[in-house]
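Novice: Before we start, here is the structure in question, set down as structure tokens.
Please treat every number below as a calculation from the coordinates, not as lab data. What you are looking at is a predicted structure, and each value in this text was computed from that prediction instead of being measured. Positions of Cβ are generated from backbone atoms using ideal geometry, with glycine treated the same way; all protein chains shown enter the neighbour counts.
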Amino acid sequence: MSPFSESVPADWWRDFFTGLAAEFWRQAIPGAISEHEAELVALLGAFPAGGRLLDVPCGHGRHARALARRGFVVEAVDGSDALLSDLVKRPEPSVQAHRRDMRDLAFAAGCDGALCLGNSFGYLGDAGDAAFLTAVHAALRPGAHFVLEPALAELVLPRFVPDRTLRAADIEVVSRITHDPGSGVLRTDYTFRRGDLVERRTAWIRLRTCVEIEAMLRTAGFAVVRVVDEHGQ
């Protein structure tokens, strides 16, 4: 019997990005990587110069800041106070932080483009992920583009490593990953440690193939879907 339900547990993410987990993700990715990813997005030519973009979910704002430095105005949306605190404590003039559910995007109507980077697509289960794509499409002006970096089954499964130990600054993270092929769910059990402080979290993500995600995008209203690699090709 599968250890998972048929779908990603509802709202697991609401309490995940707090405490040591939030601190770890804030420190784990070097600034040079964020700059490279923002430059790649800019080079795709999907967004008009100086346009108003929607970054969702934005995490602690690493892409939002990098895009603002390239002249864009960014609406940065995330459901975690702990992650958004970085944008609140160190505000960026061209970035507006919003604590909202990533499906609640009506406020951003008329955006010139949107992005969802960092493998953050797949957190909400089948119905929730579909609702997210529909909300993004509704927030964009006609003809605007959406850049999505999903956790693709074609990329994740060939590189699958069940047990990992990572470190960012003084935080050590031990993770165990289990994949259920029946539901397409990837479950990761984390143990975060800083000295004597130990916190445990579990994350779920729904893996999908490129063909499945393309179908979801078209159902949400996106007319043209282009697939590019990490070099923008």
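Novice: What label, among [x] 28; [y] 57; [z] 19, belongs to percent of Cα pairs over 31 Å apart computed from the structure on display?
Specialist: [z]
Novice: Relative contact order of the chain: what whole-number percent is it, with Cα pairs under 8 angstrom and at least 6 residues apart?
Specialist: Relative contact order for the chain comes out at 21 percent.
Novice: Ordered by packing density, taken as the mean number of other Cβ atoms within 10 Å over each peptide's residues, highest first, how do 127-136, 41-50, 54-63, 11-20 rank?
Specialist: Ranked by mean Cβ neighbours within 10 Å, highest first: 54-63, 127-136, 11-20, 41-50.
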